[in-house]
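The values are calculated or read from the model by the stated rules, or taken from the named source; none is laboratory data. Keep in mind that what you see is a predicted model, and the values were worked out from it rather than measured. Glycine gets a Cβ as well: all are built from the backbone with ideal geometry, and neighbour counts include every protein chain shown. What goes into the accessible areas is simple: the full protein's heavy atoms, side chains included, and nothing from ligands, DNA or RNA. Shrake-Rupley method; radii C 1.70, N 1.55, O 1.52, S 1.80 Å.
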Amino acid sequence: MNRRYFSRETINRRHFWLGAFLVWLLCLSGGLLRFQVGMPGILQWFELKGELNDRRADLASIDAEISMIDQDSRRLERSRPAQEKEIRRVLGYVAEDELIFDFSSASREAVIE
């Protein structure tokens with residue numbers, strides 16, 4: 001075997017480069033974040049990418065909700081029967097030709113006594 005391959009100088013150089021590679025890999029991966037070094041890395045990039053996708057999904061659902069509210073708003077601005085129905089629903093008003101049946105537990109207790 002070649003004695004130079006296993007010489008002390010070659011082994012020290014290999015250890016140095018192996019250590020340098022491991023430190024570089026640790027920095028690149030974001031593994032030093034646990035030690036509060038503050039170096040961003042691949043792990044943080046994946047986390048931020050996932051959070052961005054979550055925010056985009058939230059934004060899409062909020063946009064859908066806004067479009068539904070806009071449709072309701074336009075319907076209420078243009079339609080008198082829709083306005084009356086919404087007023088009765090929200091404020092509890094009753095039209096002249098409506099009957100109300102209350103099936104709540106409080107009204108049942110009053111009837112039983």
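General remarks:
- Only helices (runs of 4 or more DSSP H) whose full extent lies in region 3-113 are considered here, and the ones with at least 2 residues that are at pLDDT below 80 and among the polar types (S, T, N, Q) are 8-29, 105-112.
- Pair list, Cβ under 8 Å, 6 or more apart: region 3-24 residue open to solvent by 100 Å² or more (accessible area, probe 1.4 Å), other residue at pLDDT 65 or above: R4/T10
- Selection within region 66-92: residues that are charged (D, E, K, R) and surrounded by 10 or more Cβ atoms within 10 Å (Cβ to Cβ). The member of this set that is nearest to the chain's Cα centre (by Cα) is D70.
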